[in-house]
Amino acid sequence: MKLSFVVTRYNETWGVCEPWFNSVKDQLGVDFNDIEVLFVEDGGDAIDEDLFIGYPFTVKTFNYGHKGVSASRNIGLDNATGDYVMFCDCDDRFISTYALHLYLKAMKLGKFDVVKSPFLEDQVIDGELKLIRHDQDITFIHGKFYRREFLIENLVRFDEELTIHEDSYFNVIANMLAEERVHEMSPAVYLWKYRDESIVRKDRNCYI
């Protein structure tokens, strides 16, 4: 079972991106030959590709200028070769070293179109960093794998005209078409990382 990760970056430093890469490198019980990362630069100065040397999985880079997160994710999807694909923000990370092992175990249970786990979101509330658990979520793309052929066959893509709500648009369509072929794991193994520069962090009402 081959896994593709589409990771998009817009001007974030390597210091912001590195924890995600390290959280994949630290995974246990997986064959890294079956993992590819499609790192899509959405404009700005590109990351030095030498920084990817030494990771045990394949990293493919793309840079077509600033097109927006939806277009960047579609570029990654178009070039992915895995059985399942996950779309990740470059500043997030897996919080369990067995995360991918658990996803793969779930995928082998049946031909699911969507395999997902609850995810944790950290945010500052009244000056204190708190963790919020999201269960049964179809608003955000975090912590979700999609069967690539299912997306292609049903023309499920990100709407490139959207600058917010692109996750909701994609997820609602994917879950509606998948119907009963959705599997949710019980442990939360993915972290949506807090960062002040995020559009969603600046305006918590943009997803209401």
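The values are calculated or read from the model by the stated rules, or taken from the named source; none is laboratory data. Everything numeric here is computed off the predicted structure, so don't read it as measured data. Here Cβ is always computed from backbone atoms with ideal geometry, including for glycine, and neighbour counts include all displayed protein chains. Calculation scope for accessible area: heavy atoms of the full protein, side chains included, ligands and nucleic acids excluded. Shrake-Rupley method; radii C 1.70, N 1.55, O 1.52, S 1.80 Å.
One residue is enough: does the range 120-135 have a residue meeting the conditions in contact with a helix residue (DSSP H, G or I) (Cβ under 6 Å, 6 or more places away or on another chain), modelled with pLDDT of 95 or more and surrounded by 14 or more Cβ atoms within 10 Å (Cβ to Cβ)? First the steps, then the outcome.
Looking only at the range 120-135, we keep the residues that are in contact with a helix residue (DSSP H, G or I) (Cβ under 6 Å, 6 or more places away or on another chain), and these are none.
No, there is no match, as no residue in the range 120-135 is in contact with a helix residue (DSSP H, G or I) (Cβ under 6 Å, 6 or more places away or on another chain), modelled with pLDDT of 95 or more and surrounded by 14 or more Cβ atoms within 10 Å (Cβ to Cβ).
Being surrounded by fewer than 18 Cβ atoms within 10 Å (Cβ to Cβ), part of a loop (DSSP other than H, G, I, E, B) and touching a Ser or Thr at 6+ places or on another chain (Cβ under 7 Å) is the filter here; which residues of the range 158-194 pass it?
Passing the criteria: D159, E160, L162, M185, P187.
Which condition does L77 not pass, out of (1) modelled with pLDDT of 95 or more; (2) surrounded by fewer than 19 Cβ atoms within 10 Å (Cβ to Cβ), if it passes all the others?
Answer for L77: the failing condition is (2).
With the range 28-91 as the region, which strands (runs of 3 or more DSSP E) entirely inside it contain at least 1 residues that are in contact (Cβ under 8 Å) with a residue 40 or more places away in the chain and closer than 23 Å to L155 by Cα? Write out each step before concluding.
Values: elements: 35-41, 58-63, 84-89.
Answer list for the range 28-91: 35-41, 84-89.
Please enumerate the residues belonging to the range 114-134 that are closer than 18 Å to C88 by Cα and in a loop (DSSP other than H, G, I, E, B).
Once the filter is applied, which keeps residues that are closer than 18 Å to C88 by Cα and in a loop (DSSP other than H, G, I, E, B), the range 114-134 yields S117, P118.
If you go through the range 33-68, how many residues are open to solvent by less than 40 Å² (accessible area, probe 1.4 Å) and out of contact with any His (no Cβ under 7 Å at 6 or more places or on another chain)? First the steps, then the outcome.
From the range 33-68, those open to solvent by less than 40 Å² (accessible area, probe 1.4 Å) are 35-43, 47, 52, 55, 57, 59, 62, 65, 68; that's our starting set.
Pick out the ones that are also out of contact with any His (no Cβ under 7 Å at 6 or more places or on another chain) and you get 35-41, 47, 52, 55, 57, 59, 62, 65, 68.
Summing the residues that are open to solvent by less than 40 Å² (accessible area, probe 1.4 Å) and out of contact with any His (no Cβ under 7 Å at 6 or more places or on another chain) in the range 33-68 gives 15.
Out of (1) surrounded by fewer than 17 Cβ atoms within 10 Å (Cβ to Cβ); (2) touching an Asp or Glu at 6+ places or on another chain (Cβ under 7 Å); (3) at pLDDT 95 or above, what's the single condition that is false for E153?
(2)
Which one of these does K105 not meet: (1) assigned to a loop (DSSP other than H, G, I, E, B); (2) under 17 Å from V182 (Cβ atoms); (3) not aliphatic (A, V, I, L, M)?
(1)
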